[in-house]
Amino acid sequence: MLDIKRLRRDFPILSSRVHGRSLVYFDNAATTQKPKAVIDALTRYYKTTNANVHRGSHSLSNRATAQFEAARETVAAFINATASHEVIWTRGTTEGMNLVAQTLGPYALNKDDTVLVTTMEHHANIVPWQQLCQRVGAKLIPAPLRGDQTLDLKAYEALLDEHTPKIVSLCHVSNTLGVINPIETCIALAKQRGAYTVIDGAQAVAHLPVDVQKLDCDFYLFSGHKCFGPTGIGVVWGRSTLLESLEPWQFGGEMIKTVSFSGSTFNDLPFKFEAGTPPISEAIALATTLDYLTNQDREALHQHEQNLRAQAIALLQDMDGITIYAPNSENAGVLSFNVAGLHHQDLALMLDEAGIAVRSGHHCTMPLMESLGIDGTVRASFSIYNTVDEVRYFANTLIEIVTQLREL
Ligand code: PMP
């Protein structure tokens, strides 16, 4: 049996007040709150361990290095990677996607080749590819969505056949819609046509188990801060045979083996892709986060998030003028909606007055907004620590706000 009340006590910020009201935090797709264990891991590191890693000449540095590399092992086990040297630290998914585009891109892509994404991608999974395509004279093509805002698998397969893309890069879960894509099928179909597959897992890791061997993709990327960890840390997992073949992308300390003015040689994996002092405390605290998640009943928490979304839909679907996006999708707990005649930003600001944090706008998915013919939505994104009472309060408050605004 899930005890959400107890779980909430792990997250100190949830007892805050905003505008005199208890905080209702429904902006989890932007960033999640942090459990005390993670906050403690950060302070403990700075109080007891802080030193630079891989320098090896004193005890503190050795301790920091051991914890830092143990964190890499934790990530590898969490996503079922075959080896920890397949785990590369980045600042987040955005930096990770730039890493993949700038290393896999020149390796895999030539003039007139194609990169396939979907219409629902975050800008972080569009712009790095767009820049790459512009540089090499390749084409970036989006696979469209169906009328119900889920991926059109038939059209996706047809585009694979028509263009034989060299790279297919897809989100596991849409940040704007919460839609969970059938990525195992998408990856298998792309691989049958010989494409490299890249998965943007930024919105998935907090909600779903990830097994990179089972997925059989070439790259899987995520951000620590979206799965209860710190900001400033992310992961690129890559297949080691492929990582070995790619050239480094950033240059400097850590990533070299030897340097002389006649030339330099580069370090082994994973360090080849980690120039400069890495985010040490963040990596260690990310491992604490993943341990925290592993100790939860994740299947039950996923059910709980789906239940919160279903309750919200049930309470709001009959509201006059409401459009709920991807209402019947496999979903990771995102309620994206608009109310006819009212601006999403006004709704978000008024919800904030009631202590409810949601996001409004295009959510870094402008092409998706364009395809839906809108300029933004209100997005309430639920997480493991949200409650049915919060959903009821949110729905009642929204109904009151809409009534008030319509009376103006
Ligand atoms: N992809 C998706 C699907 C996202 O939701 C986000 C963050 N909103 C990103 C990529 C970028 O992640 P970050 O800002 O942590 O680099």
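The values are calculated or read from the model by the stated rules, or taken from the named source; none is laboratory data. Computed from a predicted model, the values in this text were never measured in an experiment. Reconstructed Cβ throughout: ideal geometry from the backbone, glycine too, with neighbour counts over all protein chains shown. Note: accessible area is taken over every heavy atom of the protein model, side chains too, but ligands, DNA and RNA are not part of it. Shrake-Rupley method; radii C 1.70, N 1.55, O 1.52, S 1.80 Å.
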If you scan region 231-243, which residues turn out to be open to solvent by 10 Å² or more (accessible area, probe 1.4 Å) and within 13 Å of the ligand (Cβ to nearest atom)?
-> T231, G232
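Rundown of residues vs (1) part of a strand (DSSP E or B); (2) under 22 Å from D40 (Cβ atoms), yes/no style:
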| position | (1), (2) |
| --- | --- |
| P248 | no, no |
| E254 | no, no |
| T265 | yes, no |
| L269 | no, no |
| P278 | no, yes |
| A287 | no, yes |
| L290 | no, yes |
| Q296 | no, yes |
| R309 | no, no |
Within the set of pairs 6+ apart or on separate chains, which have a first residue in region 351-376 that is outside any loop (DSSP other than H, G, I, E, B), a second that is aromatic (F, W, Y), and C-beta atoms under 7 Å apart?
-> I356/F26; I356/F394; A357/Y25; A357/F26
Scope region 1-18; condition farther than 22 Å from L349 by Cβ and not in a helix (DSSP H, G or I); matching residues = M1, L2, D3, R9, D10, F11
Picking from T82, T31, the residue that is more than 16 Å from the ligand (Cβ to nearest atom), surrounded by fewer than 23 Cβ atoms within 10 Å (Cβ to Cβ), closer than 30 Å to I126 by Cα and of a type in the set (V, I, T) would be T82
The residue that is farthest from the ligand (Cβ to nearest atom), considering only those in region 219-229 that are outside any strand (DSSP E or B) and open to solvent by less than 10 Å² (accessible area, probe 1.4 Å), is F228
Quick one: count up the residues across region 94-123 that are open to solvent by 10 Å² or more (accessible area, probe 1.4 Å) and more than 19 Å from S245 (Cβ to Cβ).
-> 7
Residue ID - nearest to the ligand (Cβ to nearest atom), chosen from residues in region 193-202 that are in contact with a helix residue (DSSP H, G or I) (Cβ under 8 Å, 6 or more places away or on another chain) and open to solvent by 20 Å² or more (accessible area, probe 1.4 Å) | Y196
Conditions (1) charged (D, E, K, R); (2) surrounded by fewer than 18 Cβ atoms within 10 Å (Cβ to Cβ); (3) within 25 Å of the chain's Cα centre (by Cα); (4) not in a loop (DSSP other than H, G, I, E, B) -> E400 fails only (3)
Output for Cβ contacts, cut-off 9 Å, separation at least six or different chains, first residue at positive phi in region 192-218, second among the hydroxyl-bearing types (S, T, Y), reads G194/T164; D216/T197
Of the residues in region 48-85 that are more than 28 Å from the chain's Cα centre (by Cα) and among the aliphatic types (A, V, I, L, M), the one that is farthest from V210 (Cα to Cα) is L60
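A quick yes/no check of all residues on (1) part of a helix (DSSP H, G or I); (2) within 19 Å of the chain's Cα centre (by Cα); (3) hydroxyl-bearing (S, T, Y):
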{"site": "E95", "(1), (2), (3)": "yes, yes, no"}
{"site": "D112", "(1), (2), (3)": "no, no, no"}
{"site": "P128", "(1), (2), (3)": "yes, yes, no"}
{"site": "C133", "(1), (2), (3)": "yes, no, no"}
{"site": "P142", "(1), (2), (3)": "no, no, no"}
{"site": "G147", "(1), (2), (3)": "no, no, no"}
{"site": "Y156", "(1), (2), (3)": "yes, no, yes"}
{"site": "L159", "(1), (2), (3)": "yes, no, no"}
Pairs only if they're at least six apart or on different chains, beta carbon under 6 angstrom, first in region 82-107 and at negative phi, second open to solvent by 70 Å² or more (accessible area, probe 1.4 Å); list them, first residue then second.
-> S84/E73
In region 19-60, how many are among the hydroxyl-bearing types (S, T, Y) and in a loop (DSSP other than H, G, I, E, B)?
-> 4
Of everything in region 136-175 that's without any contact (Cβ under 8 Å) to a residue 24 or more places away in the chain, of a type outside the set (D, E) and within 22 Å of G194 (Cβ to Cβ), which residue is surrounded by the fewest Cβ atoms within 10 Å (Cβ to Cβ)?
-> K154
